[in-house]
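Student: Please find one structure pasted underneath; my questions will follow.
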Amino acid sequence: MIKAVLFDLDGVIVSTDRCHYRAWKRMADEEGIYFDEKINDRLRGVSRMASLEIVLERSPRAYTEEEKAALAARKNDYYKDLIRELTPADILPGAMENLNELKKNGILTAVGSSSKNTPLILRQIGLDAFFDAVSDGNNISHSKPDPEVFLKAAEMLGVEPADCLVVEDADAGIEAGRRGGIKTLSVKGAVGADYFAPDLSDYSIFRRIIR
Ligand code: B16
Ligand code: MG
């Protein structure tokens with residue numbers, strides 16, 4: 001029986017991937033590194049430093065660990081400038097209705113995000129006090145596809161993983177849920193899930209899964 005739903009943030013509640021793209025692109029252009037939308041797609045659900053390694057695959061030169069930390073920090077500064085412009089209007093269509101409906105039905109909700117910027121994003125979109133638990137890039141040592149972020153969320157809620165449902169837009173996130181022994185709902189075509197929906201525009205998908 002599903003007692004809690006663990007939501008990925010980027011791509012499920014709010015679309016920050018455009019901001020990630022613009023920030024990585026600016027940093028990559030400055031460094032003379034080729035970067036495009038297709039490479040950006042590979043960064044979905046992946047931690048900041050693991051994302052940087054993917055970006056650097058196209059770099060003409062090698063970087064020291066110190067330089068890498070500086071590149072990641074520079075990208076994050078650009079990214080934060082962009083997400084400070086987010087507002088509640090940027091919540092993806094249907095997400096708010098679904099969150100409210102779950103709450104009304106006594107289902108707990110949590111965030112399970114790889115992003116260290118989760119608190120800022122939630123504040124910007126007005127959801128900082130909404131969720132029963134927030135597990136993010138600040139409280140984990142292993143990023144998706146490791147299940148840690150979702151297992152911590154379930155623990156914070158006091159609910160067994162087997163009684164949770166993960167909602168994800170990234171293959172790495174679906175794998176994380178599965179490895180944690182949690183049922184998974186894929187939106188936007190992430191592969192390997194137990195259930196699939198094109199987006200969160202309709203509560204009937206949760207009604208069917210939760211019952
Ligand atoms: P940050 P999610 C992920 O968020 C993003 O999808 C991914 O592109 C990003 O690299 C990662 O957060 C880390 O973000 O640099 O803000 O710590 O999809 O897990 O909510
Ligand atoms: Mg995501």
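Student: Could you work out the local net charge near ALA170, counting Lys and Arg as +1, Asp and Glu as -1, over the other residues with Cβ closer than 11 Å to its Cβ?
Tutor: -4
Student: Tell me whether segment 17-83 comes out rounded, prolate or oblate; compute the Cα gyration tensor, take square roots of the eigenvalues as a ≥ b ≥ c, and use a/c under 1.5 as the rounded threshold.
Tutor: Taking the square roots of the gyration eigenvalues as a ≥ b ≥ c, segment 17-83 is rounded.
Student: Would you list, by chain and number, the lysines whose Cα falls below 21 Å from the Cα of LYS144, excluding same-chain residues fewer than 8 positions away?
Tutor: Cross-link targets: LYS38, LYS68, LYS75, LYS116, LYS152, LYS183, LYS188.
Student: Helix 148-157 versus the longest principal axis of the chain: what angle, 0 to 90°, nearest 10, using Cα atoms?
Tutor: The answer is roughly 40 degrees.
Student: Right, here's the next one. In sequence order, what are the phi-derived ³J(HN,Hα) couplings for segment 101-112 according to the Karplus relation 6.51 cos²θ - 1.76 cosθ + 1.60 with θ = phi - 60°, rounded to whole Hz, with x for glycine and proline?
Tutor: Coupling constants for segment 101-112: 5, 4, 4, 4, 8, x, 8, 6, 10, 9, 9, x Hz.
Student: Work out from phi, with θ = phi - 60° and the Karplus expression 6.51 cos²θ - 1.76 cosθ + 1.60, the ³J(HN,Hα) of each residue of segment 114-120, listed in order in whole Hz, and give x for Gly and Pro.
Tutor: For segment 114-120, the Karplus-derived couplings read 6, 7, 6, 8, 3, x, 5 Hz, x marking Gly and Pro.
Student: Then there is this: So, with a 1.4 angstrom probe, what is the percent of accessible area on the chain that is carbon and sulfur?
Tutor: Here carbon and sulfur together make up 49 percent of the probe-accessible area.
Student: At most 11 other Cβ atoms within 10 Å plus a DSSP loop assignment makes a site exposed; report the longest stretch of the chain without any exposed GluC sites (Glu not before Pro).
Tutor: Excluding the exposed sites themselves, the longest stretch runs over 86-211.
Student: Within the chain, what percent of beta bridges assigned by DSSP are antiparallel, to the nearest 5?
Tutor: Around 5 percent of the beta bridges assigned by DSSP in the chain are antiparallel ones.
Student: Still on this structure: Please work out, to two decimal places, the log10 of the ratio I(q)/I(0) at q = 0.12, 0.26 Å⁻¹ from a Debye calculation in which every Cα of segment 137-206 carries one identical scatterer.
Tutor: At q = 0.12, 0.26 Å⁻¹ the computed log10 ratios are -0.29, -1.13.
Student: Then there is this: Please find the FRET efficiency linking ILE210 to ILE54, where r is the Cβ-Cβ separation and R0 is fixed at 30 Å, and quote it to the nearest 0.05. Could you put the intermediate results ahead of the total?
Tutor: On the way: r = 36 Å, r/R0 = 1.19.
Computed FRET efficiency for ILE210 and ILE54 comes out at 0.25.
Student: Can you give me the accessible area per residue for segment 37-113, using a 1.4 Å probe, in Å²?
Tutor: Per-residue value: 53 Å².
Student: I've got another one for you. For the chain, what relative contact order do you get, as a whole percent, if you take Cα pairs closer than 8 Å and at least 6 residues apart?
Tutor: Relative contact order comes out at 26 percent.
Student: So, one more: Want the number for ARG42 to THR64: 0.36 nm per residue separation, take away the alpha-carbon distance, what's left?
Tutor: The span from ARG42 to THR64 would gain 5.6 nm if fully extended.
Student: Any idea what angle helix 65-83 forms with the longest principal axis of the chain, computed on alpha-carbon atoms, 0 to 90 degrees, nearest 10?
Tutor: Helix 65-83 sits at roughly 60 degrees to that axis.
Student: Under the rule of -39500 (n - 2.57) per DSSP H run of 4 or more residues, summed and divided by the residues of the chain, what mean residue ellipticity at 222 nm is obtained, to the nearest 500 deg cm²/dmol? Could you put the intermediate results ahead of the total?
Tutor: On the way: 9 runs with 91 residues, N = 211.
It comes out at -12500 deg cm²/dmol, rounded to the nearest 500.
Student: Give the distance, in whole Å, between the Cα centre of segment 98-122 and the Cα centre of segment 1-42.
Tutor: The two parts, judged by their Cα centres, are 18 Å apart.
Student: Output the direction-averaged projected area (hull surface divided by four) of the convex hull of the alpha-carbon atoms of the chain, in nm².
Tutor: 10.9
Student: Next up: In whole Hz, with x marking every Gly and Pro, tabulate ³J(HN,Hα) for segment 87-96 from phi via Karplus 6.51 cos²θ - 1.76 cosθ + 1.60, θ = phi - 60°.
Tutor: Here the 3J(HN,Hα) series is 9, x, 5, 8, 4, 5, x, x, 4, 5 Hz.
Student: Roughly speaking, what is the stretch gain from VAL191 to ARG74, that is 0.36 nm per residue apart minus the C-alpha to C-alpha distance, in nm to one decimal?
Tutor: This chain segment gains 38.9 nm when fully extended.
The values are calculated or read from the model by the stated rules, or taken from the named source; none is laboratory data. Bear in mind the structure is a predicted one, so any value in this text is a computation, not a measurement. Cβ atoms come from the backbone with ideal geometry, glycine included; neighbour counts cover every protein chain shown. Calculation scope for accessible area: heavy atoms of the full protein, side chains included, ligands and nucleic acids excluded. Shrake-Rupley method; radii C 1.70, N 1.55, O 1.52, S 1.80 Å.
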